[in-house]
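Below: the structure, in structure tokens.
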Amino acid sequence: MKKMSGSEVISRLKRDYIYNLMLKGEREDGRQFNELRDIALETGIIDKAEGSAMVQYGDTQVMVGVKMQVGTPFPDSPAEGVIITSMELNPIASPDFEAGPPREKAIEMGRIVDRGIRESGAIDINKLCITEGEEVWMVFIDVHVLNNSGNILDAASLGAIAALMTTTVPSEREGKGEDYPMPVREMPVGVSLVKIGDEMVLDPTYGEESVCETRITISSNQDGSICSMQKSGSGSLSPAQVVKASKIAKEKGEIIREKYLLEI
């Protein structure tokens, strides 16, 4: 029998601890299975950005900045602006993050946040066209994780749309006319759940993420429609669990939207 390393022993003990708590209907931070942590949102925190936001989910902290520049449209969409989302997993935020170029995990998470914005139609990208086929506005959404206490995806999703909602297109700076607000027409909210044993758990902590088999992130629009869905992990979800997760995501998305985004 292969001898387990110290980290593997700790992981096994942590998993058993969290799993045994769930058998009793409990979580390590005392929340119910479908309960969100306290959320805080602040916008306009970066003076040199066109838009910005700081989000906290419990102790998880994420900062999002939006920068814009004039660029060339893609050949297959000559009258549409360009959206590029990136995520920076700073080593200071978690022992799991490493210094250097963005790794696969950061790239995947950035794509999930990007998909929620893009597939929801959050921005009217046709209004970011300057000269069809020649010049459009390029929107760079940069997500920086400052502290990882679990569920950085949902914090990044909320921060991204909040930053976009406070963004001003810098037309005057680029000699393209007068400044105008970012043409935001939808407010998507991403909500994540993880599967541990047979239970679906909302807004997972770092510990819960480290022992879960599967994660699903669902973004919904203001009318309750689902605009994106991403599953990760080696485990599976039954159709009933996907339906349950979708219902929770839409309900919690509406609560988050009304409490935080509609006040911007």
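Overview of results
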| quantity | calculated |
| --- | --- |
| Filter pass, E186 being open to solvent by less than 60 Å² (accessible area, probe 1.4 Å) and of a type in the set (D, E, K, R) | yes |
| Selection count, segment 185-217, where residues are closer than 19 Å to G253 by Cβ, touching a Gly at 6+ places or on another chain (Cβ under 7 Å) and hydrophobic (A, V, I, L, M, F, W, C) | 2 |
| Test: residue in segment 160-168 that is open to solvent by 10 Å² or more (accessible area, probe 1.4 Å) and farther than 25 Å from L41 by Cα | no |
| Cross-chain or 6+ apart pairs with Cβ under 6 Å, segment 238-264 first and surrounded by fewer than 18 Cβ atoms within 10 Å (Cβ to Cβ), then assigned to a helix (DSSP H, G or I) | I264/M165 |
| Near pairs, Cβ below 9 angstrom, 6+ apart or cross-chain, from segment 105-128 (under 16 Å from T167 (Cβ atoms) and free of Cβ contacts under 8 Å to residues at least 24 places away in the same chain) to any residue that is surrounded by 15 or more Cβ atoms within 10 Å (Cβ to Cβ) and of a type in the set (S, T, N, Q) | none |
| Matching residues in segment 247-264 - criterion: being outside any loop (DSSP other than H, G, I, E, B) and β-branched (V, I, T) | I248, I255, I256 |
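Condition check ((1) surrounded by fewer than 17 Cβ atoms within 10 Å (Cβ to Cβ); (2) under 13 Å from the mean Cα position of the chain (by Cα)) across all residues:
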{"position": "Q61", "(1), (2)": "no, yes"}
{"position": "V66", "(1), (2)": "no, no"}
{"position": "G71", "(1), (2)": "yes, no"}
{"position": "A106", "(1), (2)": "no, yes"}
{"position": "G121", "(1), (2)": "yes, no"}
{"position": "D124", "(1), (2)": "yes, no"}
{"position": "K127", "(1), (2)": "yes, no"}
{"position": "E132", "(1), (2)": "yes, no"}
{"position": "I141", "(1), (2)": "no, yes"}
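The values are calculated or read from the model by the stated rules, or taken from the named source; none is laboratory data. Computed from a predicted structure; not experimentally measured. For neighbour counting, all protein chains shown are included, and Cβ atoms are generated from backbone atoms with ideal geometry for every residue, glycine included. Accessible surface areas use protein heavy atoms only, side chains included; no ligands, DNA or RNA. Shrake-Rupley method; radii C 1.70, N 1.55, O 1.52, S 1.80 Å.
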